[in-house]
Amino acid sequence: MLGLVDHLHAFVCENEVTWAEWEASMAFLARGAAVTKDGRNEFIALSDSIGVSMQVLAASQPKPPGATIPTLIGPFFLTDAPIFPVGADIANGASGQLLYAYGRVLDTSGEAIKDAIVNVWQSDDRGLYDVQDDFDPENMWGRGRIRCDAEGHYGFWSVMPTAYPAPMDAALGDLITNTTRKHWRPAHLHFAIETKTADPLCTHIFVRGSEYLDSDVAFGVRPQLIADFPEHGPGVAPDGSRQRQPYHTLHFDFVLTKAGK
């Protein structure tokens, strides 16, 4: 805290900040606080948009080769999403092309993380999350917690995510409008893996070929986190179900560290 205060005082002196600019800064923070609530944290979004969140992750959670790297949690995470078994449909009416995502949660030696719970949350094909769309906590969509089986398998049906703009109606919009004017995120799924036997992981998986991979407003894209979401014709899906319409798949194994190793 002392270091932060020292740098802040130095910034004020170096830039000769005026009283009017200070008042504008306080109003800016109040504007962010006014929209922060369950399911939307404007201060996390602000931290993401200036690259601070990724700097903290890089400094505090280095990963060895082969481990899945972390990225942002984002402003729309909820802690109380419903729990589903492997293979469940978490879309709950979300609009978009059908998607089946599956894989395993492993440690760096290739052993299954048997107690893993995979949190997932995402936008629909409008670029909206459930918390942005007349949110009903009793009827969440596009999010859930998948309890892995004893071999670390997870799997769920949902819809394809799409690129979407960051919320521009409050402090974040003020910042972006007056700086880069880049406010889009590429298509992605959010994942946060809970476990008591390994280090937890929060990350995204980005859709290869999505727009804005090279200009993500949140600086969250890493090459290791870009994956294929191939499209398939009607037929037997990886979970053994028969699909009568085209669908996409994502096959991705998450590799967790233990005590940082």
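The values are calculated or read from the model by the stated rules, or taken from the named source; none is laboratory data. Note that the structure is a prediction, hence the values are computed from the model and not measured. When we count neighbours, we look across all protein chains shown, and the Cβ atoms used for this are built from the backbone with ideal geometry, even at glycine. Surface accessibility is based on the protein's heavy atoms, side chains included, excluding ligands, DNA and RNA. Shrake-Rupley method; radii C 1.70, N 1.55, O 1.52, S 1.80 Å.
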Does the stretch 84-119 hold any residues that are under 24 Å from Phe229 (Cα atoms) and open to solvent by 70 Å² or more (accessible area, probe 1.4 Å), and which are they?
Pro85, Asp89, Asn92, Gly93, Gln97
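Do we find a residue being open to solvent by less than 60 Å² (accessible area, probe 1.4 Å), part of a loop (DSSP other than H, G, I, E, B) and over 22 Å from Ser158 (Cα atoms) anywhere in the stretch 55-66? Even if it seems obvious, please write down each step before you answer.
Taking the stretch 55-66 first, the residues open to solvent by less than 60 Å² (accessible area, probe 1.4 Å) are 57, 63-64.
Within this subset, residues satisfying the condition of being part of a loop (DSSP other than H, G, I, E, B) are 63-64.
When the remaining residues are screened for being over 22 Å from Ser158 (Cα atoms), the result is 63-64.
Yes, because at least one residue in the stretch 55-66 is open to solvent by less than 60 Å² (accessible area, probe 1.4 Å), part of a loop (DSSP other than H, G, I, E, B) and over 22 Å from Ser158 (Cα atoms).
Give, as residue ranges, the strands (runs of 3 or more DSSP E) completely inside the stretch 114-159 that count at least 2 residues that are free of Cβ contacts under 8 Å to residues at least 60 places away in the same chain and hydrophobic (A, V, I, L, M, F, W, C). Even if it seems obvious, please write down each step before you answer.
Numbers: elements: 117-121, 143-147, 153-159.
Filter on the stretch 114-159 gives an empty set.
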Among (1) closer than 19 Å to Cys202 by Cα; (2) part of a loop (DSSP other than H, G, I, E, B); (3) in contact (Cβ under 8 Å) with a residue 12 or more places away in the chain, Asp48 falls short only on (2)
As an exercise: evaluate Asp216 against (1) within 30 Å of Ala24 (Cβ to Cβ); (2) in contact with a Gly (Cβ under 7 Å, 6 or more places away or on another chain); (3) open to solvent by less than 70 Å² (accessible area, probe 1.4 Å) and give the number of the one condition it does not meet.
(2)
Got a number for residues in the stretch 131-144 being closer than 10 Å to Asp80 by Cα and open to solvent by 50 Å² or more (accessible area, probe 1.4 Å)?
1
Kindly list, by first and then second residue, each pair from a residue in the stretch 67-94 that is under 23 Å from Ala150 (Cα atoms) to a residue that is basic (Lys, Arg) and open to solvent by less than 60 Å² (accessible area, probe 1.4 Å), limited to pairs with Cβ atoms under 8 Å and residues at least 6 apart or on different chains.
Ala81/Arg143; Ala81/Arg145; Pro82/Arg145; Ile83/Arg145; Phe84/Arg145; Ile90/Arg143
Regarding the stretch 165-177, can at least one residue be identified that is touching a Ser or Thr at 6+ places or on another chain (Cβ under 9 Å), in a loop (DSSP other than H, G, I, E, B) and open to solvent by 20 Å² or more (accessible area, probe 1.4 Å)?
yes
Could you tell me whether Glu231 is open to solvent by 40 Å² or more (accessible area, probe 1.4 Å), under 22 Å from His251 (Cβ atoms) and touching a His at 6+ places or on another chain (Cβ under 7 Å)?
yes
Just for the stretch 178-205: of the residues that are of a type in the set (D, E, K, R) and within 20 Å of Gln224 (Cα to Cα), which one is surrounded by the most Cβ atoms within 10 Å (Cβ to Cβ)?
Arg185
Only one of these conditions is not met by Cys202: (1) in a loop (DSSP other than H, G, I, E, B); (2) within 21 Å of the chain's Cα centre (by Cα); (3) farther than 20 Å from Asp125 by Cβ; (4) in contact (Cβ under 8 Å) with a residue 24 or more places away in the chain. Which number is it?
(1)
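Name the single residue, out of those in the stretch 67-81 being of a type in the set (Ser, Thr, Tyr) and either assigned to a helix (DSSP H, G or I) or open to solvent by less than 70 Å² (accessible area, probe 1.4 Å) (or both), that is nearest to Arg143 (Cα to Cα). Walk me through it before giving the result.
As a first pass, look at the stretch 67-81 and keep what is of a type in the set (Ser, Thr, Tyr): 68, 71, 79.
Next, only the ones that are either assigned to a helix (DSSP H, G or I) or open to solvent by less than 70 Å² (accessible area, probe 1.4 Å) (or both) stay: 68, 71.
Numbers: Thr68: 21, Thr71: 18 Å.
Among them, the one singled out is Thr71.
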